[in-house]
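Input: a single structure, listed below in structure tokens.
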Amino acid sequence: MSDTCSTCGTELETPLCCTSCGALFELQGRPTAHELFGLPNGFAIDLHDLRKRLRRFGRCLHPDFFATAEPRLRELAERNSAALNEAYEVLADDARRADDLVRRLGGPGEDTERQMPQEFLLEVLEWNEALEEARAGGDDAELDALEATLATRRADTLTEVTRLLDPLPEAGAPELTEVRRHLNALRYLDKTLVQIRELRLERANTR
Amino acid sequence: MAFIELDVLNNSPSALALGIDLGTTNSLGALWKDGRPIVLHSEGEAGNVPSVVYFPEQGPPVVGHAARRLAMFDPAHAIYSVKRFMGRGLAEVADDLADVPCPVSETANGVIQFEMRGRKYTPQELSSLILMKAHDQACRALGGMEITRAVITVPAYFDDAQRQATRDAARLAGLDVLRIVNEPTAASLAYGLDEKQQGVVCVYDLGGGTFDVSLLSIEDGVFQVLSTSGDTHLGGDDFDRALATVARAELEREVPALAATAGRPGAFSQTLRLAAEKCKIALSQAPEGELHVSLPESGIQWRRRFTRVEFDALTAPLVERTLDACRRALADAKLTPQDIDEVVLVGGSTRMPGIRARVEQFFGRKPHIELNPDEVVALGAAVQAHVLVGGTRDILLMDVTPLSLGMETMGGAVAKIIERNSSVPCQATEGFTTYADNQTGIDFNIVQGERELAADNRSLGRFKLTGIPPLPAGMARVAVRFHIDADGLLTVTAKEESTGATSRIEVQPMHGLTDGEVETMLAEAYAHAQEDFDARRAADLVTELGTMIHATERGLGNGGAELDRETRLDIDETLERARAAQANSGDDAKALQHARDELERATLPLAAVLMDGVAKSALRGRTLGEI
């Protein structure tokens, strides 16, 4: 971030506010999640550093510190805080961060690239069957096994996504289509993992 | 007599803000003072304001301890646990309505109304009366200083309509609400102050009518909520009801005549409920408790002993429901019970030994109970109020929205806009387009909840988007922005992107008051203010007169013999009139004031007699009431 604060001249960490003098700024245009956090564009992220930035910026622009300020400033704190939180959700989650990068590099959206490899579809059928069996049988061991399989599969997919996105490919590169397919697979995996979770909660409940 | 020393009075009231816990059973105010939050109550008074409203035959509604006492004798004119009805429609609270002793109806926007003594009251209005009382009590503890800014707490699991209703209640009470804070989060603030602690904390908050569980990470003074879950319809009341149900069944078996009255809401239910509550509290102190139902008019004195084991078995399903919510919160935060560093118990209902044991077993560690579970939420609210008035930047609270926000799609399903447990403030933008040529409006339904079908979630209301410029079908591009603010309240704005025209959004709230309705209520309250003021003055005068009568009687016993006949006669007659005024002029401030002034005049000679030489000169001109 090369911009400086219009109030105190300090180099800005984020276009949302000045962590040095506490000034808040109206956002110009649509900064990316990376820009809002003052981070270079890229897939790799240091979660610990990200959380530290969230806390540092939060201390500067959270609406709690503007509760008795004039309405305009109060409203700006609300908006900038919401923008910061929205960006945090994108950056902190591997799949959402990858999705954001694919979009910005002109890659296909989740609805335009719907092709999935045959072998993945076969796997899906297998998992569905396993889930149904676990549901009917009430056996925790089956559920555990399925969850472990899916978790491994999820980790592998993310490794692939990382390999394809780090370093970042050129805008419009064919790798982006590949990443999109992996992200679609992730969405499916996560949906099934949520179903497993719900089933577990249900069982804990009836016990 | 206030116990707050003077230095706090030197602070300007505008630099201070109260923390108020608006509870289902009790409400309480607190303030930050000398580096820590303190509960505000006058000496010799209990700190809490029971959230009970009683409607006397004449005069304004009575709130708090007095209402609770009056309700014991006349349960048909009292409303308890009004918080359960905030932001709800009749159909949603059918269970709770069984304990309401008066006719209920619904406004056009689905706001419940209770009819008492020929007037209708919304839950917002009743809550505003409770808030006023809590505020009044807090201000009296501060020697009459008026602090109008406040932080009000709500259950974390409250939805938009319930939060909005709370905000409206505070507005009706004349309070300037700086923030709506979630109860478990507030509690964590009160706990997190003592040690500079780090780690993951679980707050288990079982109040009178609601249950919340929140998981927070605390680091560098930042209290970040990771997830929250709960049930806005599960609390101590339900434990009372479990006992009352057993008692009712047995009692009706023994006295069949009662069964005829049982289906009817009202006095019998209230009596049972209070008896059950007493028994529950006894069971927290001892392994056995008695449930005593007294119905003098039916000549019934019924007693039944419950053991703790029996009670725990009876209420186990309720405790399990709280643990379900805990499991859900843990799963959402991707944590297991072993990851939790500290467990904190909040809410009067966590005094039940059965709950403490089960929570300890679930998390595998002893929960914290150092702070009074009835006070910790108000104390935390005072901490947050201190932050909000600029008292410190060392503490930052980052909370979440408890429920997912979604929009009803064509097929009646829900398209998620904002996921539950997103940090607030948060925002999302959705694009809309028109499906007909020259279409200038779009209607949509916004819901809160986790269910797949829109109909299974809570509708926040119908949103009507108007002012779209007439364009061919599919050409208009309206960006609708959803913003959930730090209070957890939703605002929706819209903009047509191809022309830049600002579209208008009209909201038909569901189970909520419109701005116009709040304005009308405020205007009415203002009109009633003089009446209410007189009534309060009358109440104060009745008390004062009582004190004076008592003092005069005592004085006559000590020094009456020394008075001349005429003076004595005058005092006796005036005293008689004063007694009559105290007994009969309950709401006539003028008559009471007259009786008080007369008694003061007549007793001057008595006061003089009662003083010996030195005191006489020192106290010359003083009245009996003053010494």
Looking only at other chains, what is the average number of their beta-carbon atoms within 10 angstrom of each beta-carbon in A:71-79?
2
For A:58-64, what's the mean count of beta carbons from other chains sitting within 10 Å of each residue's beta carbon?
6
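Taking the Cα centre of region A:63-182 as origin, work out the dipole magnitude from +1 charges on Lys and Arg Cβ and -1 charges on Asp and Glu Cβ, in debye rounded to 20.
Numbers: 14 positive and 30 negative charges, 163 e Å.
Roughly 780 debye, rounded to the nearest 20.
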Over chain A, the sum of -39500 (n - 2.57) across DSSP H runs of at least four, divided by residue number and rounded to 500 deg cm²/dmol, gives at 222 nm -21500 deg cm²/dmol
Please report the antiparallel percentage of DSSP beta bridges with both residues in the protein assembly as shown, rounded to the nearest 5.
80
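Sum up the charges of everything whose Cβ sits under 10 Å from the Cβ of A:GLU133, counting Lys and Arg as +1 and Asp and Glu as -1, but leave A:GLU133 out. It would help to have the intermediate numbers written out before the result.
Values: positive: A:ARG135; negative: A:GLU129, A:GLU132, A:ASP139, A:GLU142.
Here the count lands on -3.
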Chains B and A: buried accessible surface, both sides, probe 1.4 Å, rounded to 100 Å²?
2700
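Can you pull the Kirkwood radius for region B:429-498, inverse mean 1/r over Cα pairs, to one decimal in Å?
On the way: mean 1/r = 0.0753 Å⁻¹.
The answer is 13.3 Å.
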Calculate the tail of P(r) for region A:1-147: the fraction of all Cα-Cα distances greater than 28 Å, expressed in %.
42
Unit Cα scatterers, Debye sum, region B:149-197: log10 I(q)/I(0) for q = 0.19 Å⁻¹:
-0.64
Could you work out the mean projected area of the convex hull around the alpha carbons of region A:90-207, in square nanometres to one decimal?
8.0
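Of B:LYS83/B:LYS278; B:LYS83/B:LYS334; B:LYS33/B:LYS366; B:LYS278/B:LYS366, which pairs sit farther than 23 Å apart, going by alpha carbon to alpha carbon? Could the numbers behind the result be given before it?
Working: B:LYS83/B:LYS278 21 Å; B:LYS83/B:LYS334 32 Å; B:LYS33/B:LYS366 30 Å; B:LYS278/B:LYS366 27 Å.
Result: B:LYS83/B:LYS334; B:LYS33/B:LYS366; B:LYS278/B:LYS366 exceed 23 Å.
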Relative contact order, percent, of region B:42-116 when contacts are C-alpha pairs under 8 Å separated by at least 6 residues?
23
For a Förster distance of 30 Å, can you work out the FRET efficiency between the beta-carbons of A:ALA148 and A:ARG30, rounded to the nearest 0.05?
0.15
Pull out a ≥ b ≥ c, the square roots of the eigenvalues of the alpha-carbon gyration tensor of region B:297-391, then state rounded if a/c is under 1.5, prolate if not and a/b is larger than b/c, and oblate in the remaining case.
oblate
Find which of B:SER127, B:PRO472, B:LEU604 sits farthest along the positive direction of the dipole of chain B, computed with +1 on the beta-carbon of Lys and Arg, -1 on that of Asp and Glu, about the Cα centre.
B:PRO472
Please report the net charge: other residues with Cβ closer than 10 Å to the Cβ of B:VAL387, K and R +1, D and E -1.
0
Formal net charge of residues neighbouring B:PHE363 (Cβ-Cβ distance under 14 Å; K, R +1; D, E -1):
+1
Among A:VAL194, A:PRO40, B:PHE444, whose Cα projects farthest towards the positive end of the dipole of the protein assembly as shown, with charges put on the beta-carbon of Lys, Arg (+1) and Asp, Glu (-1)?
B:PHE444
Given just the C-alpha atoms of the protein assembly as shown, how large is their convex hull per residue in cubic angstrom?
210
How would region B:52-106 be classified by its alpha-carbon gyration tensor: rounded, prolate or oblate, with rounded meaning a/c under 1.5 and the a/b versus b/c comparison settling the rest?
prolate
Quick one: among A:GLU110, A:GLU160, A:GLU126, which has the greatest mean-square fluctuation in a GNM of chain A with alpha-carbon springs under 10 angstrom?
A:GLU126
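For chain B, what does -39500 (n - 2.57) per DSSP helix run (n ≥ 4), summed and divided by total residues, give at 222 nm, in deg cm²/dmol to the nearest 500? Walk me through the numbers before you get to the answer.
Working: 17 runs with 245 residues, N = 627.
Helix contribution divided over all residues of chain B: -12500 deg cm²/dmol.
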Roughly speaking, what % of Cα-Cα pairs in region B:310-354 are separated by over 15 Å, rounded to a whole number?
55
Give the average, rounded to an integer, of partner chain Cβ atoms located within 10 angstrom of each Cβ in B:421-428.
6
Cα extents of region B:467-578 along the three principal axes, largest first, in whole Å?
101, 26, 22
Using alpha carbon coordinates only, what is the Rg to Rh ratio of chain B, with Rh defined as the Kirkwood radius?
1.03
Taking the alpha-carbon centre of each part, the distance from region B:404-469 to region B:565-597 in Å is 66
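Pairs of Cα atoms under 8 Å, at least six residues apart: use those to get the relative contact order of region B:199-313, whole percent.
Working: 159 pairs, mean separation 18.2, N = 115.
Relative contact order here is 16 percent.
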Percent RCO, i.e. relative contact order, over region A:52-207, from Cα pairs under 8 Å lying at least 6 residues apart:
26
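To the nearest 20 debye, what charge dipole does region A:151-207 have about its Cα centre, counting +1 at the Cβ of each Lys and Arg and -1 at the Cβ of each Asp and Glu? All intermediate terms of the calculation are to be shown ahead of the outcome.
Values: 11 positive and 9 negative charges, 104 e Å.
So the dipole magnitude of region A:151-207 works out to roughly 500 debye.
Mind putting a number on the dipole of region B:454-500 about its Cα centre? Charges go on the C-beta only, +1 for Lys and Arg and -1 for Asp and Glu, and I need it in Debye to the nearest 20. Don't skip to the end; give the middle numbers.
On the way: 6 positive and 5 negative charges, 31 e Å.
Here region B:454-500 has a charge dipole of around 140 debye.
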Projected onto the charge dipole of region A:146-187 (+1 at Lys/Arg Cβ, -1 at Asp/Glu Cβ, origin at the Cα centre), which of A:LEU183, A:LEU146, A:LEU164 gives the Cα projection farthest towards the positive end?
A:LEU146
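The values are calculated or read from the model by the stated rules, or taken from the named source; none is laboratory data. Everything quoted here is computed from the prediction, not taken from an experiment. We place every Cβ from the backbone using ideal geometry, glycine too, and count neighbours over all the protein chains shown. These accessible areas exclude ligands, DNA and RNA; they are computed on the full protein's heavy atoms, side chains included. Shrake-Rupley method; radii C 1.70, N 1.55, O 1.52, S 1.80 Å.
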